[in-house]
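What follows is one structure encoded as structure tokens, with my remarks underneath.
The values are calculated or read from the model by the stated rules, or taken from the named source; none is laboratory data. Everything numeric here is computed off the predicted structure, so don't read it as measured data. We place every Cβ from the backbone using ideal geometry, glycine too, and count neighbours over all the protein chains shown. Calculation scope for accessible area: heavy atoms of the full protein, side chains included, ligands and nucleic acids excluded. Shrake-Rupley method; radii C 1.70, N 1.55, O 1.52, S 1.80 Å.
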Amino acid sequence: MSAEDEVKLYQRIVGCIPTQRIVESLKSGEKSLKDLTEELNKLSPEGLNSLVTELYVIQLKAEGIIEETKKGGDIYFRLTDKWKNIEAKKKSS
């Protein structure tokens, strides 16, 4: 991925409040879809359907920002090294 593409990806993720909130939440460790939905529900007084959260998660997975792992019957998400590297480069520039 070129440096320009990394900048665009970074801006796209942090420029969208729900994806930014998911990434921020995952910095403290793995989270389930339920955990991420609860985090996004803090953004809206009406709350969000877990399907909305799942759509953001699918987007972040497709971009290579998060990955999933299965533990028992549950799926947990975590940040990828790709995101950590992009964020570290952005902070150092």
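Please enumerate the residues belonging to segment 9-68 that are within 12 Å of residue 79 (Cα to Cα), of a type in the set (A, V, I, L, M) and part of a helix (DSSP H, G or I).
22, 23, 26, 57, 60
Matching residues to (1) surrounded by 11 or more Cβ atoms within 10 Å (Cβ to Cβ); (2) among the polar types (S, T, N, Q); (3) modelled with pLDDT of 95 or more:
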site: 17; (1), (2), (3): no, no, no
site: 30; (1), (2), (3): yes, no, yes
site: 41; (1), (2), (3): yes, yes, no
site: 44; (1), (2), (3): no, yes, no
site: 59; (1), (2), (3): yes, yes, yes
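Of the conditions (1) under 10 Å from the mean Cα position of the chain (by Cα); (2) of a type in the set (Ser, Thr, Tyr); (3) within 20 Å of residue 8 (Cβ to Cβ), residue 93 satisfies every one except a single condition; which number is it?
(1)
Can you confirm whether residue 2 is open to solvent by 60 Å² or more (accessible area, probe 1.4 Å), among the hydroxyl-bearing types (Ser, Thr, Tyr) and free of Cβ contacts under 8 Å to residues at least 40 places away in the same chain?
no
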